Amino acid sequence: MDQTLVATPDRQTMDAGATRRRRFAMVLLLVGLVLAGAGLAAGSDGWSLPRWSDADAGLILGEIRLPRTLGAWLVGALLGLAGAIAQGLFRNPLADPYLLGSAAGASLAVVLVLAVGSLGGAMTVMTAASGLARLGLVGAAFVGAFVGVGLTLMLARGAQQTPRLLLAGVVVGVVLSALGDLVSTVAPEALRGKQVFMLGTTGFLGWASVGVLAVGLLVTLPVAWRLARVLDALTLGEDSARSLGLALARWRLLLVGVLALATGMAVSQAGLVAFVGLAAPHLVRRCAPAPNGYTVVASAAAGGTLLLAADVVARSLVAPQELPVGVVTAVLGGAYLLWLLRHRRLG
């Protein structure tokens, strides 16, 4: 009887946690569906769905609103996934996907492309938004993100020590950001394109972007879920993780690779969207605390929901004009983190 009395609370706690996680997943699903419908209805002329009898109904829904809605969710999902990996890897709730120099590397690459085009007379900031130039900027941002992470790994001499890796990421980010500012000074025409990239935008997302982002999520999410056990072991401390027989340097390198791939995919398609990768894992741990396997997957879903909500707000708040989605996420994410800080202090 005594053993039953001791074991029952533990079983009840586990059941309550599982129920809480299921409810959180259902809430994310329902909110995501509602926001998807809002994304299809939000346009330059306010909230409206075009009639199927209209000649341009298929163009508006099938070629503009639907791919943008799906693309925004996928970008947020990749950032939420990357944020969960970063916070688990560094065991720091303030870690975000841009911590290892990927943001600064992508920004520098975009500025270089715009600067070369403006100085050579072959491309201006306005034509940079066209299809061919857009593909060039996407590729440059993706490569730049990986170069930034690669420089961080070189400076840190691999992924053997987490503090060294973290410090190297800060140094690389500062240096590459300074180089980007220097290039912008030499070629002022590139400054406007850099500003659009730094603020983040979902306005360029089409079916090609949706395909690239979907492939990125299908590749990174299963790998991250399999590597979540390594993140669980790291929560016990490095000595305990080594005692379990884990080759920490190799597993950290794999985690950094997944982090870089997810971040590079998102950044190349939508620019530097702030706070989604930081806020999504916080939201998951607060609403449905669980091992890292669930946290990684739920953070991807939460990140997609958050960015989709920000995209709807950005499109409809001052219609027919649009706000940069990165500004909306920064305001909403900053407000949430400030509320969380105040709540914990009062609690």
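Things to note:
- Highest average first, the peptides 144-157, 285-298 ordered by how many other beta carbon atoms sit within 10 Å of their residues are 144-157, 285-298.
- Here the accessible area is traced with a 1.4 Å probe on the protein chains. For the range 164-293, carbon and sulfur cover 70 percent of it.
The values are calculated or read from the model by the stated rules, or taken from the named source; none is laboratory data. In this text, all values refer to a predicted model and were calculated from it rather than measured experimentally. Cβ coordinates were reconstructed from backbone atoms using ideal geometry, including for glycine residues, and neighbour counts include every protein chain displayed. The protein model used for the area step is the full one, side chains on, heavy atoms only, and it has no ligands, DNA or RNA in it. Shrake-Rupley method; radii C 1.70, N 1.55, O 1.52, S 1.80 Å.
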